[in-house]
Every structure is written in structure tokens, then in C-alpha cells.
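Okay, structure first, notes after.
The values are calculated or read from the model by the stated rules, or taken from the named source; none is laboratory data. Given the structure is predicted, the values throughout are model-derived calculations rather than measurements. We place every Cβ from the backbone using ideal geometry, glycine too, and count neighbours over all the protein chains shown. For accessibility, only protein heavy atoms count, side chains too; no ligands or nucleic acids. Shrake-Rupley method; radii C 1.70, N 1.55, O 1.52, S 1.80 Å.
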Amino acid sequence: MKKMILATAVAASLVTSFARAEDAAPPPPDNQVTYNAGVVSDYRYRGLTQTRFDPAVQAGIDYTNNPTGFYLGTWASTIKWIKDAVGSKGRGPAEWDLYGGKRGDLGAGFTYDVGTLGYIYLDNNYDQLGANANTLEVYGQVGYGPVYVKYSQALSTLFGADGSKYSQYYDAGGNFDTFYGVTLGVHLGRQQVRGPSANTSYTDWKIGLSKTFDDLAGITLGVAYVGTNLKDGVETTPVSDGAKNVGKGGVVVSLIKNF
């Protein structure tokens with residue numbers, strides 16, 4: 001810092017202190033509830049379409065106890081994959097997720113997030129093809145700055161794949177601030193399926209841009225390219241207009257509101 005007259009330095013220090021106190025964001029409340037709602041052009045999960053490449057409506061609620069880092073949440077989306085797989089008598093129009101865990105700091109800039117996630121497919125009858133589609137996973141994540149690595153393991157069969165208990169998912173990615181408030185998000189994952197369905201294991205990836213528009217009620221617009229290494233005829237969903245590769249690469253557009 002350049003040398004300056006003591007009186008000037010003290011005055012400047014006081015002004016800066018008052019400005020910082022006035023501009024500083026208030027600390028988050030001990031107990032915080034947030035909501036989200038939106039629509040996506042195609043609901044992709046781990047690279048696979050859940051809606052036959054059609055749009056989905058989604059919404060969720062999250063509770064966080066900030067002093068401890070404990071959290072609970074629920075989230076739901078419209079889906080089509082169970083009906084597509086089972087056929088005309090297939091049931092399961094929605095996915096309902098329930099999750100809870102704890103997140104916090106490990107020190108030296110590292111963070112952690114551990115928890116349990118249950119995927120509930122309401123009134124599903126996927127057991128006609130294998131096992132019930134409902135799935136329970138545990139997960140653990142370590143982050144550093146904008147990047148993270150995450151591991152998930154199924155404690156039940158994985159999304160109805162018979163004999164797939166203890167299947168694993170490996171996930172790495174990051175979210176990077178770029179310019180004009182635009183965030184670059186990248187992700188690479190590997191779904192390792194155990195049991196008789198092991199030949200359906202695959203790799204998925206995503207790269208996208210997102211931006212929150214304060215002038216548009218704080219809506220976040222996202223555009224991403226999602227793909228997998230699944231080939232036509234390897235992993236398809238039978239639908240009325242013919243079989244489709246559910247992991248085929250494509251662009252996904254999303255509009256999400258957090259409040």
C-alpha cells in the first residue's frame with residue numbers, strides 16, 4: 001500500500017469499514033428453507049433420457065440447518081421411461097426423490113457432502129421386467145473450489161435392473177465462473193452396473209452454460225450438451241414410434257427458478 005498521511009489513512013479506513021458493514025450480505029439464518037421449480041426440454045439423469053427426449057416439469061424443496069450442515073430435501077419430476085419399458089400397461093408417471101445428509105468444511109479449502117438418496121417411482125410396476133424401480137443410494141463427495149469428485153452406491157437394486165444391488169456411480173466435474181455472470185459446468189460420470197446387467201455399464205458426460213437473470217425474476221437459463229458412449233441397439237427403450245437409444249447425445253435447455 002502506498003504511504004499516506006496518517007489522518008487520511010484513518011479516515012479512509014473508517015469509510016471503508018462503514019461501507020463494508022453496510023454492503024456485506026447478512027449471514028444465513030440457522031434454519032433455511034429454499035424452493036425450486038422449472039422445466040427442461042429433456043430430463044436426463046446420468047446421461048440417459050427419462051422422458052423419451054420430451055420436456056419435463058420439475059420442483060423441489062430443501063431444508064438446511066446452517067450451523068451443523070445437516071440438510072433434508074425432496075424433488076420430483078415427470079418421467080416416461082417406466083411406461084415405455086413395460087408397455088401399454090406400464091405405470092410410473094413421476095419420480096419422487098427424498099434425500100438427507102451433511103455437508104461442511106474439511107479445511108485447507110476442501111469441502112465434503114455425505115448422504116442418502118431415495119428414488120421413488122410412484123405406483124410403478126417395473127417388476128414385470130426385473131425388480132421394482134425404486135432405488136436407495138448412499139453418496140459421498142469431496143470438493144475443492146469449483147471442482148468435485150463424488151461416489152454413489154446403490155443399497156438396493158439399481159432402477160429395476162435385476163441383481164444389480166451395490167452398483168456404483170463415479171462422478172467428477174466442476175462449475176466455473178466465466179464472463180457476464182455465465183457459469184461453465186462440466187461433468188464426467190461412470191455408471192458401473194453389477195450382476196446380470198453388467199454389460200449395460202456406460203460412461204456419460206455433460207458440458208453446459210448457465211446464467212441467472214435478475215431482471216427476469218431470477219430465472220436461471222441453462223443450455224447443455226449431454227451424451228454417453230452407449231450405441232444404437234445396445235441400450236434402447238421400446239416406444240410406440242420405434243426403439244430409441246436413451247443415451248443418444250443431445251442438447252438440453254432448462255429454465256429454473258430458485259426462491
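Compute the length gained on full extension between R91 and K211: take 0.36 nm times their separation in residues and subtract their Cα-Cα distance, giving the result in nm to one decimal.
39.6 nm
What full-extension length gain, to one decimal in nm, is calculated for L98 and L184 as 0.36 nm per residue of separation minus the Cα-Cα distance?
Full-extension gain reported as 28.2 nm.
Testing the spin-label approximation: label points 7 Å from Cα along Cα→Cβ at V142 and D177. State their distance in nm.
2.6 nm
Please give the per residue accessible area of the chain, computed with a probe of 1.4 Å over protein heavy atoms only, in Å².
58 Å²
Of the listed values (i) 21.4, 68; (ii) 22.3, 83; (iii) 16.9, 50, grab the one calculated as Rg and Dmax of the Cα atoms in Å from the structure here.
Among (i) 21.4, 68; (ii) 22.3, 83; (iii) 16.9, 50, the one calculated here is (ii).
Lysines near K211 by alpha-carbon distance under 21 Å, same-chain residues fewer than 8 away left out - which ones?
Excluding near neighbours in sequence, the set is K257.
Would you tally the net charge around L117, using a Cβ to Cβ cut-off of less than 14 Å, leaving L117 out, and scoring K and R as +1, D and E as -1?
Residues near L117 contribute -2 overall.
Using a 1.4 angstrom probe on heavy atoms only, work out the carbon and sulfur share of the accessible area of the chain in %.
Carbon and sulfur together cover 62 percent of it.
When the Kirkwood hydrodynamic radius is evaluated over all pairs of different C-alpha atoms of the range 77-133, what value in angstrom, to one decimal, is obtained?
13.4 Å
Leaving out ligands, DNA and RNA but keeping every protein chain, what accessible area does D127 have, in Å² rounded to the nearest 10, with a 1.4 Å probe?
Roughly 80 Å² of D127 is accessible to a 1.4 Å probe.
Where in the range 68-98 are there trypsin sites (Lys or Arg not before Pro) that are in a DSSP coil and have at most 15 other Cβ atoms within 10 angstrom of their Cβ?
K89, R91
If we count every other residue with Cβ under 11 angstrom of A154's Cβ, Lys/Arg +1 and Asp/Glu -1, where does the sum land?
Taking every other residue near A154 into account, the sum is +1.
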